[in-house]
1. Out of residues 5 or more away from Q218 or on other chains, whose amide H comes under 5 Å of its own, with H placed 1.01 Å from N in the peptide plane?
2. Tell me, what does the Kirkwood hydrodynamic radius of the chain come to in angstroms if you use every pair of distinct C-alpha atoms?
3. Would you work out which of V17, A302, I268 lies farthest towards the positive end of the dipole of the chain? Charges go on Cβ: Lys and Arg +1, Asp and Glu -1.
4. Can you tell me the length gained on complete extension of the stretch E6 to V126, counting 0.36 nm per residue apart and subtracting the Cα distance?
5. Quick one: grab the alpha carbon gyration tensor of the stretch 327-368, order the square roots of its eigenvalues as a ≥ b ≥ c, and give me rounded if a/c is under 1.5, else prolate or oblate depending on whether a/b is larger than b/c.
6. Please find the FRET efficiency linking A281 to D304, where r is the Cβ-Cβ separation and R0 is fixed at 22 Å, and quote it to the nearest 0.05.
7. Sort all Cα-Cα distances of the stretch 220-328 into consecutive 10 angstrom bins from zero, then give the percent of pairs in each bin up to the one containing the longest distance.
8. Please work out the FRET efficiency for the pair D368 and S228, using the Cβ-Cβ distance as r and a Förster radius of 51 Å; give the result to the nearest 0.05.
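Quick note: the coordinates plus some simple rules give every number you see, no bench work behind them. Keep in mind that this is a model prediction, so the values were computed, not measured. No Cβ is skipped: glycine too gets one built from the backbone with ideal geometry, and neighbour counts run over all protein chains shown.
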Amino acid sequence: MSLKTEAIVVGAGIAGVMTALSLLRKGASVTLIDRWEPGHPRASSSDYNRIFRSIHGKDEFYTKWVREARLRWMELQEEMGVKLHHECGALVLAGEGHTDWEDATISTFEKLGVPHFKISTDEIRVRFPQFSTEKVAWGLYEPEAGMVMSHLAVVQTAQLFEREGGKIKRGRVMCDEAERLMLDGKPLEADVIVVCTGPWLGEMYRRTVRPISKVVRQNIIYTSTPDSDPTFDAYTMPCWIDHGYGAYGIPSVNGHGVKAAIAWTDTIIDLDEDERVVDKATFNRTRQYLRHRLPGLVGQRAVDQKACQIAMTPDTHFILDFHPEHENVLLSGGCSGHLFKHGPVYGEFSAGVALGEWGTADRFKITDRSSLSTGDSPSGR
């Protein structure tokens, strides 16, 4: 191996740009390759924002990672001179009759010292009058949660990577029948290659990754806030997770409108052929949800939409492990809808695994995966 490690990162989503930047800062010579420009609209990381929360049920591993990532996001935005992190809080609406995940989260928060409040439905209506509390047992409020501006974070991190000497190259990396990486018909070669192609990881590695990863479509509607009314703006309203309904959302920030998403985990997307626009059913279902939970938005117009995709593993843990047959190829993915907020910590951990500074976590290894109960799941799914 050369004195200076030659590294290639394939895929310029959040896992890719953070891993590339961390490899560069660890002294490697790094090239980042993607089919499109960083932040392109087909990527899972391309939406405006992502919820940032430490709420992970009984899982202390991810809870600790998010607490560290919170500080890293603040440091990064100071480096970049742009606002990436908005600490508007997050509210989990615990559904009547099934609060195992929220109960487990409170125990974890108490053990680790994470600031939080368990609040009654009466208090929710006073503190957060935006929400109807129908079929809500109580709320879990995390004041140091909020959101990360996802598209901006990917683009700015890629630019920081280039400013510090990294190289970005356009190209489509594919696998041959032996799952060897190819670019322009030639083998892709480097001391270490980290493949961070998000939902395309299973398409590339049909034998190794696809059995433990499925890709589902996630349609999102942004709704206008009422005229002259800041009630639904960030810092007036928190991000929220409506666990009993299978929904989540983000208040309006930077003029984007209120983001609301209903989890449709059975909707499959064709990554290369499907249009990235939502269908009529998404509008109808979202408006039905708004009538149920955010009645102050009834009658407001949709102002934007996003159609992206999530790579789900059965246990919702990430994938970060070397290919069983290609010892210099590290496979990175399986976001399961909750990787983005971990970005800076995940990137540093991934770079350390790639360079042999430490091994990967058992939960990230390429092995048989099985679904977890709601109480055990880190994502609450």
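1. C308, Q309, I310
2. Working: mean 1/r = 0.0472 Å⁻¹.
The Cα-based Kirkwood calculation yields 21.2 Å.
3. The residue sitting farthest along the positive end of the dipole is A302.
4. 37.5 nm
5. Taking the square roots of the gyration eigenvalues as a ≥ b ≥ c, the stretch 327-368 is oblate.
6. 0.80
7. P(r) over the stretch 220-328, rounded to whole percents: 12, 39, 28, 13, 6, 2.
8. On the way: r = 56 Å, r/R0 = 1.09.
It comes out at approximately 0.35.
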